[in-house]
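These notes concern the structure reproduced below.
The values are calculated or read from the model by the stated rules, or taken from the named source; none is laboratory data. Predicted model only: the values in this text are computed from it and were never measured. Here the Cβ is made from the backbone with ideal geometry for all residues, glycine too, and neighbour counts use every protein chain on show.
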């Protein structure tokens, strides 16, 4: 770098890491080659005669708009851009300087005092300028107005009156939405002004340690988080969040530590929620806010300097002692950490730490939320409700079919139930999502009545059957009694569903769903865990039934006959001999059914709202690991963080089923060994 280049105020690097720009206090924009620091072009900025640059400010990360605070109280706005051409198939980058608001500076301080600090923010057609002189704060709002007749665009300037400061101002930042203005003042204090209400939101102490000072500050990508560096090497992240009373307040979210020397500069990434920091000893630190990670700390210079981070965050340029030092940075997946994947994270604009999965959004300053906790919870929730329905029905049916049912009837029933397994799960999911979910919503009292009355009706039918005269009971062949339950179950279902409208009018004001939502305060989604339990439970029943039935049927008849010969009743024989002997197979059936429920994709994909929430509520949906992989894998960037986390979700699912099956096999072997002597 040339000796006459002046004191550097700003360094920036373009997309391809080939050309950089250096803005100095002499009012010059010097473009240079990043590789060797060779000068490419020097642009003299149009400063008024006798006026020098007193401060500099930038729009949000990723924006090329720069504001120069001048010694006469004015602000000069310009943009640095880079035109890429390919003559003779060779890439040529031509740096340019443009003045989107004209080459004439904008008056900010009417008193003509030098602007010691300046901030700029552009939102649609509104330009916000803020500057300070000592403890005087000046804020101007400039709106672009187009003349409908001539097409000429002019700026309408409007002064925003805010309470003045008592302490000297250190730095000023305006968020991109032009809602908040952060004014750092004194040793470690920040005043937050509401630009919409033109009032002071609050005065906050940034450092509890009375011996520390704020030495550096900056906004993260998106302008929501304020990063504050202190004189002891600490960096804190702050952003606005609502208190329990609903009022927005500036809160300290997380802390980082670079070293013991004072932080002199904080530079945010332009595409992620990461940042780099440089301290007075020349140590560079690489951090990521959401993951709470300190990725790298390394000594790069002998003292404090000025640095720039490239748009792709893969190149760092440091100027120290008129010497340009370029560094390569390899930091591909900083968003991933144990806490980001499994712990509660306090995301920007959230009121408290939460488990959240939200991998993509429409805006470029999005903060990825990659918590696997709600997906794992949803997987277990879906499996639990499915097994709650399937396990009792399948095991009870298997025991009755194998032990009590007549062989001729068994030969008809078992193939029919096993044939259920051939139904494609996509058909079950389609049926559950398009028919079952709205039907259950409209017949909630009938569905719950059916679940309660069916076992009562079966027990009542059994009791009545046992009290009938033997002349009637003996007309039914032994082992065919279950056929009598078919009309009982059918009548119970008809009665329960037929009474549903009456029950709804009598007890729930004509709408049970509204009663659940309004009177009980319970959220009701049409596609919820109840629907998943019914549909996926139906799909899991054949697996459990087939294996458990084979296990019970395979118990040697000699054990059964021996028990009966010793005077035991059939029920005692079944509970104390048959079930114990068949317990390894029954347990295996349950574990295989659970594994099937955990890994199910299509039913939970089509029968739930696919909302990654952590609620036990049976009337709310969920998102499972398998469904999430199926939904998001096609839209993920190959090799990106999202893509890799989806593979990690698949690995978690595989590990879960592997551990379950391993434990099931160990328990099965122990049960088999324990009851082998029967």
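Could you say whether any residue in segment 434-451 is more than 30 Å from residue 527 (Cα to Cα), assigned by TED's automatic domain parsing to the domain that holds residue 603 and over 38 Å from the mean Cα position of the chain (by Cα)?
No, because not a single residue in segment 434-451 is more than 30 Å from residue 527 (Cα to Cα), assigned by TED's automatic domain parsing to the domain that holds residue 603 and over 38 Å from the mean Cα position of the chain (by Cα).
I'd like to know if segment 460-478 contains one or more residues that are under 21 Å from residue 534 (Cα atoms) and either touching a helix residue (DSSP H, G or I) at 6+ places or on another chain (Cβ under 8 Å) or not in a helix (DSSP H, G or I) (or both).
Looking for residues that are under 21 Å from residue 534 (Cα atoms) and either touching a helix residue (DSSP H, G or I) at 6+ places or on another chain (Cβ under 8 Å) or not in a helix (DSSP H, G or I) (or both), one finds none in segment 460-478, hence no.
Being surrounded by 15 or more Cβ atoms within 10 Å (Cβ to Cβ) and at pLDDT 85 or above is the filter here, so list the residues in segment 466-488 that pass it.
485, 488
Output the strands (runs of 3 or more DSSP E) that fall wholly within segment 130-242 and possess 3 or more residues being buried (at least 18 other Cβ atoms within 10 Å of the Cβ) and in contact with a strand residue (DSSP E or B) (Cβ under 7 Å, 6 or more places away or on another chain), or say none.
Here the list reads 136-146, 169-174, 180-185, 189-194, 214-219, 226-230, 234-242.
Which residues, taken from segment 546-583, are surrounded by fewer than 16 Cβ atoms within 10 Å (Cβ to Cβ) and in a loop (DSSP other than H, G, I, E, B)?
554, 556, 566, 567, 569
Return a yes/no flag: does segment 61-82 have any residue that is more than 36 Å from the chain's Cα centre (by Cα) and surrounded by fewer than 12 Cβ atoms within 10 Å (Cβ to Cβ).
No, segment 61-82 has no match at all.
So if I check each of 286, 317, which one is farther than 20 Å from residue 614 by Cβ, at pLDDT 95 or above and either assigned by TED's automatic domain parsing to the domain that holds residue 239 or crowded, with 22+ Cβ neighbours inside 10 Å (or both)?
286
Which one of the conditions (1) surrounded by fewer than 18 Cβ atoms within 10 Å (Cβ to Cβ); (2) in contact with a strand residue (DSSP E or B) (Cβ under 9 Å, 6 or more places away or on another chain); (3) in contact (Cβ under 8 Å) with a residue 40 or more places away in the chain does residue 266 fail to meet, given that it meets all the rest?
Failing condition for residue 266: (1).
Scan segment 80-111 residue by residue and report those that are more than 23 Å from residue 44 (Cβ to Cβ) and either in a loop (DSSP other than H, G, I, E, B) or outside the structural domain of residue 173 (by TED's automatic domain parsing) (or both).
The answer is 86, 90, 91, 109, 110, 111.
Of the numbered conditions (1) in contact (Cβ under 8 Å) with a residue 40 or more places away in the chain; (2) crowded, with 16+ Cβ neighbours inside 10 Å; (3) part of a helix (DSSP H, G or I), residue 457 satisfies every one except a single condition; which is it?
Tallying (1) in contact (Cβ under 8 Å) with a residue 40 or more places away in the chain; (2) crowded, with 16+ Cβ neighbours inside 10 Å; (3) part of a helix (DSSP H, G or I), residue 457 fails exactly one: (1).
Does residue 126 meet the test of being out of contact with any helix residue (DSSP H, G or I) (no Cβ under 8 Å at 6 or more places or on another chain) and free of Cβ contacts under 8 Å to residues at least 40 places away in the same chain?
no
Quick grid of which residues meet (1) within 22 Å of residue 430 (Cβ to Cβ); (2) in the same structural domain as residue 513 (by TED's automatic domain parsing); (3) over 19 Å from the mean Cα position of the chain (by Cα); (4) not in a loop (DSSP other than H, G, I, E, B):
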| position | (1), (2), (3), (4) |
| --- | --- |
| 585 | no, yes, yes, yes |
| 588 | no, yes, yes, yes |
| 612 | no, yes, no, no |
| 623 | yes, yes, no, no |
| 628 | yes, yes, no, yes |
| 637 | no, yes, no, no |
| 661 | no, yes, yes, yes |
